[in-house]
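Enquirer: Let me give you the structure first, and then I'll get to my questions.
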Amino acid sequence: METATGQDASSPPPSIAPAFDRLLETLASYLKTEDIDQIEAAYRFSEAAHEGQFRVSGEPYISHPVAVTAILAEWHLDPPALIAALLHDVVEDTAATTQQLTETFGKAVADLVDGVSKLDKIEFQTEAHAQGENFRKMLLAMARDVRVILIKLADRLHNMRTMTAMSPEKRRRIASETLEIYAPIANRLGLNNVYRELEDLSFQNLYPNRYQVLEKAVKAARGHRREVVGKVQTAIKQRLEEAHIEAQVSGREKHLYSVYKKMQEKSLAFSEVFDLYGFRVIVQDVPTCYLALGVLHSLYKPIPGKFKDYIAIPKANGYQSLHTTLFGPFATPIEIQIRTQDMHKIAEAGVASHWLYKSSDERINEVQQQTHQWLQSLLEIQSESGDAVEFLEHIKVDLFPDEVYVFTPKGTILSLPRGATAVDFAYAVHTDVGNRCVAVRINHELSPLRTELRNGDHVEIITTSQAKPNPAWLNYVATGKARSHIRHFLKTMQSEESAALGERLLNQALRALQVEPAQIGDTHWEKLLKESSAKSKQEVLTDIGLGKRLNVVVASQLLATEQSAGERKSGQPGAIAIRGSEGMAVQLAKCCHPIPGDPILGYINKGKGLVIHTHDCPTITGYRDDPDKWLDVEWASDIRKLFVVRIKVMVANQRGMLAKVAAAIAAAESNIDNISMEEEDGSAYTTLHFSLQVESRYHLAQVIRQIRKIPEVSRISRVKG
Ligand code: MN
């Protein structure tokens, strides 16, 4: 920076020199020398990079970035934005790289250039008119930094100003894109002059003939009405002076496109459009605005319903003014805007006025903070007006986006919540696309389905007809739609698979009962469904597959409809008769050893058949809550059989105790299956464990009563579990 580079060698070529000199002049009006040096360095970099490139008009290409920078300098943007503007096309159109920019001009500049290049890459398809709003949101969301949008708008503005060398078709395409996308963005950001100029330039290139006719008509009207306008302006000035209100009064012509729109919307002929003129009154402070309004209403009568107070209730873009329309002389409506100097600045420069370069050492952060504060203050004003929700929507979408906007292969824009992945996108396109997706191409590159989408991504889902949703997708989908469709599919798939398994198990059970599955017909099923709580055969099969019903139980239930329960032979000889077990294999649980008289439950155990537990068996407390696995059973009344039961007896440590207890058991006509002892060191008591054979609970009670008669026995209890 210290050594002056050969000024002559790098000075702009003749055709650019005046433009660049004017830019330097503007810069000198608000920037420090070292900043200007930086900008000159950027200029030389850009010029060298674009060397040998020309615009369609034949000018050296560098004239374009210089002009764009000049527009931004008029808005007093900060040095990084100006440097980025000079370099905004080098990454796209020349050999220069982002890394080079970072090294030479810093990351902030490189990021801005990158942001502009990204916006350039997405192309708006004019056929999709309804998509305009989404596209605008996408651009704003992508830009992140307001300066990127400002550079892009200046870029578009200059391109629109210099389109004459292009083919009519290209001019129309660019003009309609500008009308649809960029002019509304300029309007939303409060850049009124840019907005108006973009609209008029678009109008001119889109409908050259209508533009010419209207332009002529307005010129002629201006001639005719000049006298009236002059009179009105003088009258306004005079009346304000009389009221001692200091004000600047200026006449203003409506821009052509807004006249054209009015004619279109209200089907008016040009001669019927009267409010071609407006007046602007700029005063010192807010109270004076209202004062001036009162004064002007006493000059000409206001047209009812035309008064708008944008001071109390600013527009979403921050615009403030009082608007009124008066009945002027010769019944000409006259539009008047009244505002303060500050409001005027915002009205003309919009959001840019908050990005104005400050010559002090303030950093970007602070500038951003100011913008944020500005938005915040707008927010507060807006919430007073009660329209906060809508306003918040604007701010959120425009500057603090929580949505992403992506393209489908057909160019449609989809809006998804932030964090959405390719799977969300697939389901947003169509449920079938979601259910069948296997991979995705993002910006034409194959990517995993879990990839999070970013603004402007071009997303193409790859499907195959055999593909199925994967439960793992639930971990990374962000939309409710995708989530519910995946869940639904998994549930359906699970039940179909379970039903298939259930059918196989049922057929096995039927064959074990010497019945061919084909012999079971609809009538069997109808009867079974009538007697059970199931709604369909499918449900029963699914239950079997899921282990909620036992195949042998269902098989016997199906057969039971054919033969009555009494006629049917019970299972193997010697089986315990337990009612409700319907002839299936029955086992007594080895944990609780149920005996007749105990309240019992049948637990359906795959492979083991029905296992009988006592109601209070501690091993089953864990799954007692699953009623689907339990069968209500009870003991048959005529059992002639012995059952094993376990008891423990606590006795005093004395000789011959075991013999005494054994004798008592024998006296109660029970057999001892097994005995074990548990002696604790130093304890005065011993615990004896007995496995006994008893007929029933009643029999066991008799055994216990006998043992209790022994004085040295301190405690007797039955062991379960
Ligand atoms: Mn450009």
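The values are calculated or read from the model by the stated rules, or taken from the named source; none is laboratory data. What you see is a predicted model; the values in this text were computed from it and never measured. A quick note on method: Cβ atoms are made from the backbone with ideal geometry, for glycine too, and the neighbour counts reach across all protein chains shown. When the accessible area is computed, the model is the full protein with side chains, heavy atoms only, and any ligands, DNA or RNA have been set aside. Shrake-Rupley method; radii C 1.70, N 1.55, O 1.52, S 1.80 Å.
Enquirer: Please pick out the residue among L296, L291 that is part of a helix (DSSP H, G or I), assigned by TED's automatic domain parsing to the domain that holds K216 and open to solvent by less than 40 Å² (accessible area, probe 1.4 Å).
Expert: L296
Enquirer: To continue, here is another question. Would region 136-156 turn up any residue that is at pLDDT 90 or above, within 14 Å of the ligand (Cβ to nearest atom) and open to solvent by 20 Å² or more (accessible area, probe 1.4 Å)?
Expert: yes
Enquirer: Have a look at E127, E92 and point out the one that is at pLDDT below 95 and more than 15 Å from the ligand (Cβ to nearest atom).
Expert: E127
Enquirer: On to the next question. Search region 49-65 for residues being within 13 Å of the ligand (Cβ to nearest atom) and touching a strand residue (DSSP E or B) at 6+ places or on another chain (Cβ under 8 Å), and hand back the single one that is nearest to P18 (Cα to Cα).
Expert: Y61
Enquirer: Please enumerate the residues belonging to region 414-451 that are of a type in the set (D, E, K, R) and surrounded by fewer than 15 Cβ atoms within 10 Å (Cβ to Cβ).
Expert: Hits for region 414-451 are R418, D432, E445, R450.
Enquirer: Return the pair list, or none, for Cβ contacts closer than 6 Å from residues in region 507-531 that are under 9 Å from L558 (Cβ atoms) to residues that are in a helix (DSSP H, G or I), at least 6 apart or on different chains.
Expert: Close Cβ pairs (under 6 Å, with a partner that is in a helix (DSSP H, G or I)) amount to L510/P517; L510/A555; I520/L558; H524/L558; W525/K537; L528/Q557; L528/L558.
Enquirer: While we're looking at this one, here's another question. Any chance you could count how many residues in region 67-99 are farther than 30 Å from K345 by Cβ and surrounded by fewer than 16 Cβ atoms within 10 Å (Cβ to Cβ)?
Expert: 6
Residue-by-condition table, conditions (1) aliphatic (A, V, I, L, M); (2) at pLDDT 80 or above; (3) open to solvent by 50 Å² or more (accessible area, probe 1.4 Å):
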| residue | (1), (2), (3) |
| --- | --- |
| S484 | no, yes, yes |
| Q494 | no, no, yes |
| A512 | yes, no, yes |
| P517 | no, yes, no |
| K527 | no, yes, yes |
| K535 | no, yes, yes |
| L541 | yes, yes, no |
| K569 | no, no, yes |
| P573 | no, no, yes |
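Enquirer: Looking for something assigned to a helix (DSSP H, G or I) and not acidic (D, E) - is there at least one such residue anywhere in region 306-326?
Expert: Looking for residues that are assigned to a helix (DSSP H, G or I) and not acidic (D, E), one finds none in region 306-326, hence no.
Enquirer: Go through region 588-679 and tell me which strands (runs of 3 or more DSSP E), entirely inside it, have 1 or more residues that are among the aromatic types (F, W, Y) and modelled with pLDDT under 85.
Expert: 600-605, 630-632
Enquirer: In region 224-246, is there at least one residue being assigned to a helix (DSSP H, G or I), within 25 Å of E335 (Cβ to Cβ), outside the structural domain of T288 (by TED's automatic domain parsing) and among the basic types (K, R)?
Expert: Checking region 224-246: not a single residue is assigned to a helix (DSSP H, G or I), within 25 Å of E335 (Cβ to Cβ), outside the structural domain of T288 (by TED's automatic domain parsing) and among the basic types (K, R).
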